[in-house]
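Before any comments, here is the structure.
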Amino acid sequence: MEHKGTVKLETPRLVLRRFEPDDLEPMFENCWRHADVTKWTSYAPMTCLEDVQNNAGMFTEKWLLYDDPRRYSWAIVEKASGQPVGRMFGMHPDDNIEQVELAYELGPDWWNRGLMTEAVEAALRFFFEEVGLNRVFAYHAEGNPASGRVMRKCGMTCEATLRRAGRCNNGIIDMVCYGMLASDYIKKAAE
């Protein structure tokens, strides 16, 4: 296993890259200002640009640093528009068992077009083929089944529902856990 940090990834319709300071306003407009996005997050809803930094702690000088090879934080940029429309991040890398937790958000104007599936597949490919992880897992709120559909389409397996195990802006929620092992990824890639 070798951590590589947030490297640029490309899919047919997307570029996954490091965030830049100029991404703040389009990310807010395209994604974070929408209650349908933030209701499933644990950070406070954002009603203005200042909330992104002050309430969510994003786009600060420290947040924009990419000097740690264990930090995975991608802007999801639509190639057609050149706009950042979402984000994906690998959280809590655990070198002991060679795993990372995947999380993602996408602006509602880009839902139901297969874009998030495309982005997650790129991240799984990167984590298994480039970093050499053993396991990637992700949670979604039980009340947000669209996120689980993305995980299933990418070949992840539903492992458990943790009852009343998480909190988001909708309150205390059941968390559904999906996972993929390196062996699952290799088998799926061979199909």
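Computed from the coordinates by the stated procedures, all read-outs in this text should not be read as laboratory data. Since this is a predicted model, take the numbers as computed values, not measurements. Cβ: placed from backbone, ideal geometry, glycine included. Neighbour counts: every protein chain shown.
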I need a count of the residues in the range 59-77 that are surrounded by 18 or more Cβ atoms within 10 Å (Cβ to Cβ) and assigned to a loop (DSSP other than H, G, I, E, B).
1
Tally time: how many residues in the range 112-145 are under 25 Å from ARG33 (Cβ atoms), under 14 Å from the mean Cα position of the chain (by Cα) and either surrounded by fewer than 16 Cβ atoms within 10 Å (Cβ to Cβ) or acidic (Asp, Glu) (or both)?
1
Consider ARG87 carefully, then state whether it is within 17 Å of ASN144 (Cβ to Cβ), outside any loop (DSSP other than H, G, I, E, B) and of a type in the set (D, E, K, R).
yes
Looking for whichever is out of contact with any helix residue (DSSP H, G or I) (no Cβ under 6 Å at 6 or more places or on another chain) and crowded, with 18+ Cβ neighbours inside 10 Å here; the options are ALA44, ALA35, ALA56, ALA80. Which one fits?
ALA56
If you scan the range 124-174, which residues turn out to be at positive phi and free of Cβ contacts under 8 Å to residues at least 12 places away in the same chain?
ARG164, GLY171
Cβ-Cβ distance below 9 Å, separation of 6 or more or different chains: which pairs start in the range 8-19 with a residue that is of a type in the set (S, T, N, Q) and end on one that is part of a loop (DSSP other than H, G, I, E, B)?
THR11/LYS79
Scanning for something out of contact with any Gly (no Cβ under 9 Å at 6 or more places or on another chain), over 23 Å from ALA138 (Cα atoms) and hydrophobic (A, V, I, L, M, F, W, C), does the range 85-97 turn up at least one residue?
no
Check the range 37-45 and report whether any residue there is within 17 Å of the chain's Cα centre (by Cα), among the basic types (Lys, Arg), in a loop (DSSP other than H, G, I, E, B) and closer than 19 Å to GLU130 by Cβ.
no
